[in-house]
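Q: Let me begin by handing over the structure; questions about it come next.
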Amino acid sequence: MTTTLGPIELPDWAWERAEVRQALRSRDIGAVFRHVQQYAGASQARIATAAGMTQARVNEIINGRREVSRLDVYERIADGLHMPDDARHLLGLAAGREKRSGGAAFDLAAFPEVVRVYAAQNSAAEEIQQQAREAEELDVLAVRGLGLIGLNDSLLRACLPRELGGKGLRVRVALLDPDSAPLERRAAEIGESAESLASGVLLTEARLRELADTCDISVWRYRMLPTWRLIRTDSTMFVSAFDAGWEGHESATYKVMATSHGPLHRGFRRMFEAIVDGAQRTV
């Protein structure tokens, strides 16, 4: 069968969905096809045409009566769905054919962990909250954390469990030690008194202590000049930077997804673990 209609085009955000990425990792092509139906509105006949299959075969795969195991079939499916390279890697395939000639362009495209860049935290707020509501693990690396998780109207607080005994979510929050020299330096960088910045950290700690009965929460104080601001929801991270010229919420925010080959997600996660290992637990 030849493809006369060309590849099926899914919106970029569809490939970033956790359930789509899990289906790719497990090579569950039936689930992949169902997501294609959902996010691209493609019929079984359309999927069959794009992937070089019969409609009956697509129906069998969708309904779990047949599995895909041959590499050439995975390749046809990836090409027919116009999978981005990150999705192809999750499926165990090489980069797209147009990028296999070697050279710098191929090397840069081989590890597409940064799947989206937002101008600032506000632009990413809705997606961060959605990810946090569905997460089993939430890590936060901040300075004082009031705007992230300390106040009632902060970015993440409403996403945490409210009912007693709802401890299925593990939350770890690392805040800048209010009694440290790095806090004094950071306060000077943003034109704020050290006393004011320290009181913000202490308020966040107090507000997080209130959540001890509703989720598995721990709070840590670290003693180093803050560089990265990090929110991790399971396999997704939202990373921004601190500098003398701006605060974390004003920085560009990078959405970083875990991949089998990429170093960024692993590196940021390793950094967070190292910070916690050297920090003092207060909650």
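The values are calculated or read from the model by the stated rules, or taken from the named source; none is laboratory data. The structure presented is a predicted model; accordingly, all values stated were derived computationally and were not measured. Methodologically, a virtual Cβ is constructed for each residue, glycine included, from the backbone with ideal geometry; neighbour enumeration extends over all protein chains shown. The area values use the complete protein model at the heavy-atom level, side chains included, leaving out ligands, DNA and RNA. Shrake-Rupley method; radii C 1.70, N 1.55, O 1.52, S 1.80 Å.
Q: The conditions are (1) modelled with pLDDT of 95 or more; (2) farther than 21 Å from Ser251 by Cβ; (3) touching a Leu at 6+ places or on another chain (Cβ under 7 Å), and Glu136 fails exactly one of them. Which is it?
A: (1)
Q: Can you tell me which of (1) within 18 Å of Arg172 (Cα to Cα); (2) open to solvent by less than 40 Å² (accessible area, probe 1.4 Å) is the one Gly278 doesn't meet?
A: (2)
Q: Which members of the stretch 186-215 meet the condition of being of a type in the set (Ser, Thr, Tyr) and assigned to a loop (DSSP other than H, G, I, E, B)?
A: Ser193, Thr214
Q: Separate question: Looking only at the stretch 170-205, how many residues end up being of a type in the set (A, V, I, L, M, F, W, C), open to solvent by 40 Å² or more (accessible area, probe 1.4 Å) and within 21 Å of Val276 (Cα to Cα)?
A: 3
Q: I've got another one for you. Are any residues in the stretch 239-264 within 12 Å of Trp228 (Cα to Cα) and open to solvent by less than 70 Å² (accessible area, probe 1.4 Å), and if so, which ones?
A: Across the stretch 239-264, the qualifying residues are Val239, Ser240, Ala241, Phe242, Glu247, Gly248, Ser251, Ala252, Thr253.
Q: Checking the conditions here, which among Ala174, Ala125 is aliphatic (A, V, I, L, M) and either touching a residue at least 40 places away in the same chain (Cβ under 8 Å) or more than 26 Å from Thr214 (Cα to Cα) (or both)?
A: Within the list Ala174, Ala125, the selection yields Ala174.
Q: Return the only residue of Met271, Met237 being of a type in the set (A, V, I, L, M), in a helix (DSSP H, G or I) and closer than 11 Å to Leu141 by Cβ.
A: Selected residue: Met271, the only one of Met271, Met237 that is of a type in the set (A, V, I, L, M), in a helix (DSSP H, G or I) and closer than 11 Å to Leu141 by Cβ.
Q: If you don't mind, another one. Of the conditions (1) of a type outside the set (Val, Ile, Thr); (2) open to solvent by less than 60 Å² (accessible area, probe 1.4 Å); (3) modelled with pLDDT under 90; (4) outside any loop (DSSP other than H, G, I, E, B), Ala94 fails just one. Which one is it?
A: So the condition that Ala94 fails would be (4).
Q: For the stretch 253-277, enumerate the residues that are touching a residue at least 12 places away in the same chain (Cβ under 8 Å) and farther than 21 Å from Ile149 by Cβ.
A: Of everything in the stretch 253-277, those that are touching a residue at least 12 places away in the same chain (Cβ under 8 Å) and farther than 21 Å from Ile149 by Cβ turn out to be Met257, Ala258, Thr259, Ser260, His261, Gly262, Pro263, Leu264, His265.
Q: Here is a follow-up. Give the residues of the stretch 79-89 that are buried (at least 18 other Cβ atoms within 10 Å of the Cβ) and farther than 16 Å from Gln44 by Cα, sorted by residue number.
A: Asp79, Met83, Pro84, Asp85, Asp86, Ala87, Arg88, His89
Q: Report every pair of residues separated by at least 6 positions or lying on different chains whose Cβ atoms are under 7 Å apart, first residue within the stretch 133-156 and assigned to a loop (DSSP other than H, G, I, E, B), second loosely packed, with under 14 Cβ neighbours inside 10 Å.
A: As it stands, the answer is Glu136/Gly168, since those pairs meet every condition given.
Q: Sticking with this structure for a sec: Within the stretch 227-235, does at least one residue satisfy the condition of being modelled with pLDDT of 95 or more, buried (at least 16 other Cβ atoms within 10 Å of the Cβ) and over 28 Å from Arg21 (Cβ atoms)?
A: No: the stretch 227-235 contains no residue that is modelled with pLDDT of 95 or more, buried (at least 16 other Cβ atoms within 10 Å of the Cβ) and over 28 Å from Arg21 (Cβ atoms).
Q: Of all residues in the stretch 229-267, how many are farther than 26 Å from Leu197 by Cα and aliphatic (A, V, I, L, M)?
A: Number of matching residues: 4.
Q: From Arg21, Arg17, Arg34, grab the single residue that is out of contact with any Leu (no Cβ under 9 Å at 6 or more places or on another chain), closer than 30 Å to Pro263 by Cα and of a type outside the set (S, T, N, Q).
A: It is Arg17.
Q: Going by the structure shown, is His249 under 26 Å from Arg17 (Cβ atoms), assigned to a helix (DSSP H, G or I) and within 23 Å of the chain's Cα centre (by Cα)?
A: yes
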